[in-house]
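Laboratory data are not the source of any read-out in this text; all were calculated from the coordinates shown. Keep in mind that what you see is a predicted model, and the values were worked out from it rather than measured. Note: ideal-geometry Cβ built from the backbone for every residue, glycine included; neighbour counts use all protein chains shown.
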Amino acid sequence: MTGAHEPIDDGSTDDGSTADARIDADERRDATPGAASTILPTESPALVWVGLGAGLFALEAGALANFLVSILGDGLAAASLPGTDFVAGVQSATAQVPTLLSRETIPNGGYWNGSRWVGTFMGLRPGAAWALRAGLIYCYAFAVAGWAILGYRLYRREYRVANWTPRDDVIDRFRGHGWGLFGLLVVWMFVVMAVFAPALGPTTVDKNMRNSYSNEMSYWDTETDSVETILVGDANLASQSRGDTDDRVLPMQYDDFGRFHPFGTLNTGRDLFTFIAVGSRISLVIGLLSVGLSAGIAASLALIGAYYKGRVDLGMVLVSDAIMAMPQLLLLIMLTTVLAETWVGGLYSGGFLLALIFAFTGWTYMWRSLRGPALQVAERQWIDAARSFGQRPRTIMRKHMLPYITGYLLIYGSMTLGGAIIAIAGLSFLGLGVAPPTPEWGRAINLGQDYVTTGSWHISLIPGVLITLVVTGFNALGDGIRDAIDPRSDTANESAAGRGGGA
Amino acid sequence: MTKLRYLGKRLLLSVPVVWLGTSMTWFIIFMGPVDPAARLLSQGQLRNPAAYQAAQTQLGLNQPPFQHYLDWMWNLFTFDLGQTWLLYQGSNVNALILDFLPRTLWLGFWSVLIAVFVGVPLGFYAGMRSNTASDYVASMGGIVWRAMPNFWLGIMLLALLGGSASIFWGWDWQSWLIPLDAISGSPDMSRLHTVEGFLAATKKVLPAALVLGSASMGNEMRIGRTAVLEVRNEDYIDLAEAKGVSDRALVWKHILRNALVPLVPIITSEAFLLIGGSVLVETVFGINGIGLLFYQAAIQGDLPLVGTLMYVFILMIVGINLVQDVLYTVIDPRVGMEGA
């Protein structure tokens with residue numbers, strides 16, 4: 001039987017050996033009292049680890065609560081259920097909870113009063129205050145990542161029953177894979193940007209874009225030598241980046257109103273960095289949702305097709321061929337125009353609809369890649385054994401076939417996510433998909449299209465470079481996972497998945 | 001004989017694929033939440049019930065859905081594609097497609113060609129010098145090149161070419177060798193038979209083709225590299241070397257020729273990426289191709305035209321797949337032999 005080296009799935013079937021193994025683990029710990037502290041120099045490393053986690057969590061608890069409540073509020077508002085007011089009340093209450101990494105704790109919006117900066121963190125220049133906040137956010141994110149890695153190593157060395165599992169090899173191979181680690185780093189930084197988008201930008205979407213004419217700000221007027229107030233919308237009008245004008249604000253510059261713009265301003269005078277940070281959140285949410293859905297569809301269909309074979313499989317081949325015969329990007333354009341005015345089209349600025357369309361047009365590519373491995377697994381002896389045991393088909397697929405294709409799911413998921421980001425950007429470049437006031441990277445490229453050869457080159461250049469970087473990161477991560485799971489395989493000929501239908 | 005049977009089977013299988021794809025398109029457009037007849041009319045016309053009735057009758061929407069479906073499918077099948085409603089109002093769709101399609105095909109032709117003639121040699125070069133600095137540079141370039149969004153790459157390329165005189169010390173793309181009236185726009189397809197017209201049309205479409213082929217170029221490079229690496233490790237290469245075959249013959253005759261085999265099906269299978277990408281590239285470069293036509297029909301609400309064009313795209317992709325099967329059987333003697 002090939003099952004000899006199967007990983008112990010949950011241990012419940014085989015109490016005796018599990019108990020023995022646990023004793024082994026205890027002995028390992030007892031026999032080497034000093035070695036128990038290989039990672040954390042203490043008697044109870046788990047307690048320290050939990051303490052560290054609680055500390056990290058406490059720093060951001062308010063932001064997390066606020067985020068969860070706001071999602072609940074959005075859900076209620078979308079479904080037009082009662083209780084929206086109550087949730088709004090809770091939301092403003094959670095906003096009062098002090099968090100370390102918020103724009104309230106480290107503010108960067110302030111004005112020069114002739115002798116010093118007022119309203120910024122410790123009187124720093126706005127740029128320095130913003131850089132401090134952004135730096136702290138990334139430090140925090142890497143601390144969380146380090147904490148998670150520490151936890152895994154602690155579990156693996158001190159608490160896990162088994163000495164070795166096949167997954168250890170996969171992770172060790174990945175740790176030695178520089179290109180994959182680079183991908184992981186890029187993806188992690190992108191995810192952090194998306195998660196911390198509201199705190200990361202030098203200003204907020206609400207204040208700078210949506211309601212710019214309901215917000216006032218103070219600034220130092222050099223002509224009258226005094227502090228004046230102005231509407232944010234009017235200030236934006238005077239800091240537009242349109243070609244070679246004097247008003248343009250290039251990356252890492254201040255505008256005339258003492259506001260710092262890390263990536264410069266858009267042609268509308270709005271802050272490009274805020275636009276991109278919030279846009280990354282939309283891209284990530286749509287990407288994750290669509291890839292998750294299409295991975296689910298693809299995996300279940302691949303398993304069903306591989307298990308029943310014959311006509312079921314042939315039918316799936318026909319359906320997927322028919323969907324693939326319509327170029328994905330064109331199908332996306334057609335479906336977004338047809339479905340844009342339905343109620344689904346209004347959810348999350350059209351992002352939810354986009355994710356759904358993506359999933360139902362994109363599963364075919366992933367299914368194609370999963371079909372081979374699934375068919376291979378279905379031929380194995382243990383499937384026959386399980387069948388003759390009288391196990392139900394669904395159990396066989398889930399317990400005996402699915403674990404063998406999850407690795408492939410991770411690889412293609414990572415590559416498809418990069419493709420989804422390109423395709424979403426391509427659609428919003430065309431003016432489809434995510435509805436206009438909501439920021440999206442492709443729209444920034446569209447807005448700056450006319451100014452590339454002029455002095456306002458940054459509007460199109462920066463989002464494009466970022467898309468390239470993030471997509472490269474996702475592809476590299478996919479490569480790394482592939483090499484870690486099966487060092488001999490090569491999926492280069494399946495790489496159409498990473499291209500978002502040619503956007 | 002088995003090969004013929006294999007091809008026949010593939011041909012037979014493509015019929016339900018076309019039928020399914022077209023049926024889905026019909027369902028999305030005519031059974032979807034948008035009323036195609038109302039989309040065609042302006043605000044003023046919408047308030048006029050007679051105009052709405054007329055539009056519905058013209059589209060055949062006053063019939064029961066099944067009857068409409070049969071009519072629509074039959075019209076597509078017989079290439080009786082009717083007339084446009086909004087875009088180029090009232091013109092014959094057949095004539096419109098025949099007018100627009102050649103530009104897209106021209107663009108696609110050059111993008112495949114550029115991808116093959118740049119990507120494959122680069123991949124082979126990287127494979128022959130694997131794990132050297134030049135391999136890393138070439139591989140890295142291919143990966144980044146592949147990750148760039150086409151529409152952004154197009155904008156950047158246009159900016160570079162537009163300002164080429166000031167960037168490249170006086171070398172001006174627009175007037176270089178063959179003077180062009182503009183760096184972007186539709187190629188002139190009417191003078192292809194003259195040498196001058198051919199070159200002008202080629203030069204005009206070249207930047208767009210480079211962008212459209214960028215993804216395939218990256219892929220082909222990568223596969224070319226892997227293929228060379230694999231062939232280099234085969235026993236017959238060692239044998240040839242032991243027999244004293246010269247280095248040049250070893251590389252050209254034994255390695256590169258065999259490494260080409262896995263590449264051929266890849267080139268055709270990437271055609272659907274090209275067709276999908278043509279929408280964005282044609283928009284950025286202002287080429288009046290069938291992709292741009294599709295996009296304009298979609299945003300202006302000419303849904304019947306969208307459906308018809310989708311049918312044309314489906315036919316194109318299924319046709320390319322069949323060509324790929326034919327090439328496959330020619331190149332790989334094993335196809336069709338595994339008792340299929």
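Give the calculated FRET efficiency between A:Ala435 and B:Leu87 to the nearest 0.05, with a Förster radius of 22 Å applied to their Cβ-Cβ distance. If you can, show how the numbers build up before the last one.
Numbers: r = 24 Å, r/R0 = 1.09.
FRET efficiency, A:Ala435 to B:Leu87: 0.40.
Mean partner shielding of peptide B:151-163, defined as the number of other chain Cβ atoms within 10 Å of each residue Cβ, is 5.
Tell me the net charge near A:Val249. Cut-off is 10 Å between Cβ atoms, A:Val249 excluded, with +1 for each Lys or Arg and -1 for each Asp or Glu. All intermediate terms of the calculation are to be shown ahead of the outcome.
Details: positive: A:Arg248, A:Arg259; negative: A:Asp247, A:Asp255, A:Asp256, A:Asp271.
That works out to -2.
Other residues lying with their Cβ under 15 Å from the Cβ of A:Glu104 contribute a combined charge of +1, Lys and Arg counting +1, Asp and Glu -1. Residue by residue along B:216-229, Cβ atoms of other protein chains within 10 Å of the local Cβ number 2 on average. Fraction of C-alpha pairs exceeding 14 angstrom in segment B:1-44: 66 percent, rounded to a whole number. For segment B:81-97, backbone nitrogen atoms closer than 14 Å to the point 7 Å from B:Asn288 Cα along Cα-to-C-beta are found at B:87-89, B:91-92, B:95-97. Across segment A:324-332, computed HN-Hα scalar couplings (Karplus, 6.51 cos²θ - 1.76 cosθ + 1.60, θ = phi - 60°) run 6, 6, 9, x, 4, 5, 5, 4, 4 Hz from first to last residue, x flagging Gly and Pro.
Helix B:195-212 and the long axis of chain B differ in direction by around 90°, with both axes built from C-alpha atoms. Note on chain B: GNM, Cα springs under 10 Å; of B:Pro49, B:Pro187, B:Pro304, the largest mean-square fluctuation is that of B:Pro49. Annotation: extensible slack from B:Val323 through B:Met31 equals 101.8 nm (criterion: 0.36 nm per residue apart, minus Cα-Cα distance). Distance between the modelled labels on B:Ile167 and A:Ile230, one decimal in nanometres: 3.4 nm (7 Å Cα→Cβ projection). Legend: calculated FRET efficiency, A:Leu56 to A:Leu318, from the Cβ-Cβ distance at R0 = 60 Å, rounded to 0.05, equals 0.70.
Per residue of peptide B:202-215, the mean number of Cβ atoms on other chains within 10 Å of the residue Cβ is 1. For segment A:196-221, backbone nitrogen atoms closer than 16 Å to the point 7 Å from A:Val118 Cα along Cα-to-C-beta are found at A:216-221. Our Cα-only numbers for chain B put the radius of gyration and Dmax at 24.5, 87 Å.
Neighbouring Cβ atoms within 10 Å as the yardstick, rank A:Phe263, A:Phe86 fewest first. Working shown, then result.
Working: A:Phe263 26, A:Phe86 11.
The most exposed by this proxy come first: A:Phe86, A:Phe263.
Using the Cβ-Cβ distance between B:Thr57 and B:Trp176 with R0 set to 56 Å, the FRET efficiency works out to roughly 0.50.
Can you tell me how the protein assembly as shown classifies by the Cα gyration tensor, rounded, prolate or oblate, using a/c under 1.5 as the rounded cut?
Details: a/c = 1.40, a/b = 1.04, b/c = 1.34.
It comes out rounded by the Cα gyration axes.
Suppose a student asked you for the relative contact order of chain B, using Cα pairs under 8 Å spaced at least 6 residues apart; what percent would you report?
Working: 375 pairs, mean separation 92.0, N = 340.
Across chain B, relative contact order equals 27 percent.
Of the chymotrypsin sites (Phe, Trp or Tyr not before Pro) found in segment A:115-175, those in coil by DSSP whose Cβ has at most 14 other Cβ atoms within 10 Å are A:Trp164.
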